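Structure first, commentary second.
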Amino acid sequence: IPNIDEVYEEFKKYFYTSQRDNEEELKELKKYTAYFCAMALDKEQDKELKEAFSDLRELKVDVSYPLLLELYNDYKIGILVKNDFIEIIRLIESYVFRRAVCGIPTNSLNKTFAGFGKSIIKENYLESVKAHFNKMTSYRRFPNDEEFVTELKYRDLYNFRSRSYWLRRLENHDRKERVNVSEYTIEHILPQNNNLNNDWRQALGPDWEKIQQKYVHTIGNLTLTGYNAEYSDKFFTDKRDMKGGFRESPLKLNRGLANLETWNEETIVQRAENLAKEALKVWQYPQLDQTILEQYRKKEETLTEYSIDSYEYLNEGKAKNLFEKLRKEVLSLDPEISGEYLKHYIAYKLETNIVDVVPQKDKLKLYINIKFNELNDPRKLCRDVSQIGHWGNGDVELILSSEEDIAYVINLVRQAIEKQYGNGESI
């Protein structure tokens, strides 16, 4: 994936090496420009697709567009039917939102979506998309229902960057007459004012401060209203019975509040449970029968013309022992790491290569996929090969000739993983 500043230069290289003529390329660009405008700039004419694209845009998942452009083209030429296309868009939305709620870093999503298309079997389009979502684990995982619900009930959703999005989606799910959420404001049923009045303190009990701190910004205590100023810090029954109160509210989010006599930890938790069940219908998991999923896992085990026996120095001796111990440690870093035997080296990768191994007599030459100046190498074992031709990927080369150095090398490889897929900003 080229750096954004290098896209034009990379495109020129692609254009000249593919030997396409100007007219052919311009037609292709125009076609995909129209797709992009439909998805990203709200130019879609189909009502259902327009709605799905709008919801996805609100999550600001621009990194999904490379995949969506391919899907949109397949939809236009009849390979992907509309209903399946919409379901896949909704799965992408669910994938991103669930990960955000669960606090999973987002900085690997560009690689996840860029390579997603390779896993799609277009004769079984929707099924293969669901299978790929199911197979992703670790930092790429699609949070399951249990993880999502657990986090959803207790996470601070008020100070959530996309709070208007999740409130709108919950309110409008399965509604033909959609509510314009922008006309309402977010209401804390239990006020966020630290100086609660006596009615509130009595309802919450002696631990009222702890309860307020724990639940005030959670999904069970948040709703929408057009009467935020009038509600102020009033007690629950006052908010319920006043003009425009919860009893009179037309909003689905406020259903159930009219029949409650008080608002405390128990009712907050119960409402959170109810909204979490509704959330599972809005942001669905890609359910797939386990027997079908297992078939996709077997298909993924592709055979190559190379194996460990293809490398002269890995048949026996010191290099073989070094490789076996290094291989075990690299694979233990993350369950998503896989190895691939190539002609001149063995590649270990997540979405892209993290370390490549070139077997040599009595030693291993390693190439770590990280910028040389971004690596913390206190022992100075590595050298910068960014301007030197070599097998494998990455700018960092080092020689492994002793088992005692494996732990140190693994620390260097871990840095490459963390740089590419580590801590990132959540939505």
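The values are calculated or read from the model by the stated rules, or taken from the named source; none is laboratory data. Just so it is clear, the structure is predicted and the values come from calculations on it, not from any experiment. Here the Cβ positions follow ideal geometry from the backbone for every residue, glycine too, while neighbour counts run over all protein chains shown. With ligands, DNA and RNA removed, areas are computed over all heavy atoms of the protein, side chains included. Shrake-Rupley method; radii C 1.70, N 1.55, O 1.52, S 1.80 Å.
Would you pick out the residues in the stretch 310-340 that are out of contact with any Lys or Arg (no Cβ under 7 Å at 6 or more places or on another chain), aromatic (F, W, Y) and either open to solvent by 50 Å² or more (accessible area, probe 1.4 Å) or closer than 15 Å to V413 by Cα (or both)?
Within the stretch 310-340, just F323 meets the criteria.
Taking Q45 as meeting all but one of (1) part of a loop (DSSP other than H, G, I, E, B); (2) open to solvent by less than 60 Å² (accessible area, probe 1.4 Å), write down the number of the exception.
Just one mismatch for Q45, condition (2).
So in the stretch 67-125, with the set limited to residues that are polar (S, T, N, Q) and part of a loop (DSSP other than H, G, I, E, B), which one is surrounded by the most Cβ atoms within 10 Å (Cβ to Cβ)?
Among them, the one singled out is S108.
Determine if the stretch 377-393 includes at least one residue that is open to solvent by less than 30 Å² (accessible area, probe 1.4 Å), more than 25 Å from P2 (Cα to Cα), touching a residue at least 60 places away in the same chain (Cβ under 8 Å) and out of contact with any helix residue (DSSP H, G or I) (no Cβ under 6 Å at 6 or more places or on another chain).
No.
Yes/no per residue for (1) modelled with pLDDT of 90 or more; (2) of a type in the set (D, E); (3) part of a loop (DSSP other than H, G, I, E, B):
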site	(1), (2), (3)
E146	yes, yes, no
E171	yes, yes, no
L196	yes, no, yes
W200	yes, no, no
E209	yes, yes, no
D233	no, yes, yes
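Going through D21, D62 one at a time, which residue ends up being farther than 30 Å from R98 by Cβ and either free of Cβ contacts under 8 Å to residues at least 12 places away in the same chain or open to solvent by 60 Å² or more (accessible area, probe 1.4 Å) (or both)?
D21
Condition check: open to solvent by 80 Å² or more (accessible area, probe 1.4 Å), closer than 25 Å to V96 by Cα and either in contact with a His (Cβ under 6 Å, 6 or more places away or on another chain) or not aromatic (F, W, Y) (or both). Does R178 satisfy that?
yes
Only one of these is part of a helix (DSSP H, G or I) and out of contact with any Cys (no Cβ under 6 Å at 6 or more places or on another chain): Y158, Y139. Name it.
From the options Y158, Y139, the qualifying one is Y139.
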